[in-house]
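The values are calculated or read from the model by the stated rules, or taken from the named source; none is laboratory data. Since we're looking at a predicted model, the values are computed, not measured. Here the Cβ positions follow ideal geometry from the backbone for every residue, glycine too, while neighbour counts run over all protein chains shown.
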Amino acid sequence: MNEKNLIKNLEHLSKQLHVSEDHRNKANDQVIAYGNDYMNKVSELPGYSNKYEIIQGLEKFSFNEQGQDLQLLIQAVQKYVDPAGVNPASGGHLGYIPGGGLYMSGLGDYMAAVSNQYAGIYFGGPGAVKMENMLIRWMCDEIGYPSSSFGNITTGGSIANLSAIVTARDFKKISGDTIKKSVVYMTEHTHHCVHKALRISGLQDTIWREVSVDEHHRMSLANLRYHINADVKAGLIPQIIVGSIGTTNTGVVDPIDEIATVAKEYDCWFHIDAAYGGFFILVDALKEKFKGIERADSVVMDPHKTLFLPYGIGVLLVKDQNALAIAHQYSANYMQDAEHEDQEFSPAEFSPELTKHFRGMRMWLPLQYHGLAPFRASLEEKWRLCLYFYEEIQKLGFEVGPVPELSVCIYRFVKEGFNTDELNKQILDEIHKDGRIFISSTTINGIFWLRIAIVGFRTHLKEIDLYLSILKQKIAQLLD
Ligand SMILES: *Cc1c(COP(=O)(O)O)cnc(C)c1O
């Protein structure tokens, strides 16, 4: 066989990867039917199922030379993937920080993947890059950042926090001998991804100061000042302060404006992890809590949490775009064609990524299609639902933590003659077994708390009332 015939033979098989219109029509119908089926029953789906054994069915699908029938594959997903574990699309998911999964975002992902626009560099995909940059600018404007700010759309909050820590590290020149003298200030409620980011970025040998919190679990300013003064006296260098807008444990907002003042006074990088709470800034009634956010050096928010997008999207915003660029700069000879541009920044210059998913589309499409109003309304609804739950749960005899600031509430049942921790662990267990509503727990100062986070856009009064009625029933049973 000559070389050309060999190539032609390969081409014949290779062409199967481009799906013809006939096959496409059929495949589209099958996948859309799957999506519609899911959407039609989503409000009835449980928040959690402990049938983990079903996933073993996937083992039947080894990777072979021959392709499989699509319907069979869709059925495999329906049987072996969808029914087990936490269901993030369910309105009954009230554990950890729920996700959502906007349908329009799914269609945005479809469009992004079909065209496969190159979103890493302006030269390659100017429209995709422009779209992402407009989203970043919109978020910078929302938090009151100047035009000299910029950011990056990442895969999630952890990676956004990692990029923030790397940016702070390079801006503050924390390297070599200064590492061991540099101090990072956090609280016990700082998300563990910040510790992970410090370790990954080579800052594991910095000093991590746990600033104490007040009775509302907010960073204590007096204690922050106390530690910084003591550290300066000891010849150490205060470098980074990490505040939270919406801690994972209790949804608390640290005193942002006041921390910003301290950070400025001592020349520290002030980072805010607002992965969960950030988008509540869209709610007028909650704006006051965000006072001072524009004074932070960097802010992380997660559209796959409080903007209800499917998993796989976080955002880092940095007030000084140069700081972000310096920490992520690169150059290579094979990139020379792409380096003559001045109209739009390229994501690759502000992120560890080069080639990346056209991630902006999954956010741009739903924001444009629905408009901002339903997002604001849904977030305000979540906050008010949480306040409602806070009142109602006390009527059932539960003890509660501080009034919810955003949409997280902690509560526990206390009854004479019962071990409180054990009793609440049993309640959690019963709720998980029931499965209709999924919740999680946390431990603060050695005390076990039940916890709900109301974040899903499909969570409404009906789900909260259902949960209250389940609790009432389970408690009656347990006390019996
Ligand atoms: C969820 C969360 C993170 C981590 O974000 P991922 O998107 O899960 O990587 C960080 N900080 C806070 C406060 C969070 O709620």
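Just a few scattered comments:
- For G251, the requirement of being assigned to a loop (DSSP other than H, G, I, E, B) and of a type in the set (G, A, S) is met.
- Scanning the stretch 254-280 for residues that are surrounded by fewer than 24 Cβ atoms within 10 Å (Cβ to Cβ), farther than 19 Å from V318 by Cβ and touching a strand residue (DSSP E or B) at 6+ places or on another chain (Cβ under 8 Å) yields P255, V262, Y266.
- Within the stretch 187-196, one or more residues are charged (D, E, K, R), within 12 Å of the ligand (Cβ to nearest atom) and in a helix (DSSP H, G or I).
- Here G124 meets each of (1) among the small types (G, A, S); (2) under 26 Å from I237 (Cβ atoms); (3) in contact (Cβ under 8 Å) with a residue 40 or more places away in the chain with one exception, condition (2).
- Residue within the stretch 218-232 that is among the hydroxyl-bearing types (S, T, Y) and either within 11 Å of the ligand (Cβ to nearest atom) or in contact (Cβ under 8 Å) with a residue 12 or more places away in the chain (or both) present: no
- Test: residue in the stretch 48-58 that is surrounded by 11 or more Cβ atoms within 10 Å (Cβ to Cβ), modelled with pLDDT under 95 and touching a Ser or Thr at 6+ places or on another chain (Cβ under 7 Å): no
- The residues listed here are D284, D267; of these, the one that is more than 16 Å from the ligand (Cβ to nearest atom) and out of contact with any helix residue (DSSP H, G or I) (no Cβ under 9 Å at 6 or more places or on another chain) is D267.
- Index of the failed condition, E44 passing every other in (1) at pLDDT 95 or above; (2) surrounded by fewer than 12 Cβ atoms within 10 Å (Cβ to Cβ): (1)
- Any hit, the stretch 331-342, residues being closer than 23 Å to W364 by Cβ, at pLDDT below 95 and in contact with a helix residue (DSSP H, G or I) (Cβ under 6 Å, 6 or more places away or on another chain): no
- Residue within the stretch 324-341 that is buried (at least 19 other Cβ atoms within 10 Å of the Cβ), closer than 29 Å to P310 by Cα and without any contact (Cβ under 8 Å) to a residue 60 or more places away in the chain present: no
- Across the stretch 302-311, not a single residue is classified as under 20 Å from the mean Cα position of the chain (by Cα), away from the ligand (no atom under 14 Å from the Cβ) and hydrophobic (A, V, I, L, M, F, W, C).
- Considering only residues in the stretch 138-160 that are part of a helix (DSSP H, G or I) and surrounded by fewer than 16 Cβ atoms within 10 Å (Cβ to Cβ), the one that is farthest from the ligand (Cβ to nearest atom) turns out to be D141.
- Of the residues making up the stretch 204-235, those that are part of a helix (DSSP H, G or I) and surrounded by 14 or more Cβ atoms within 10 Å (Cβ to Cβ) number 7.
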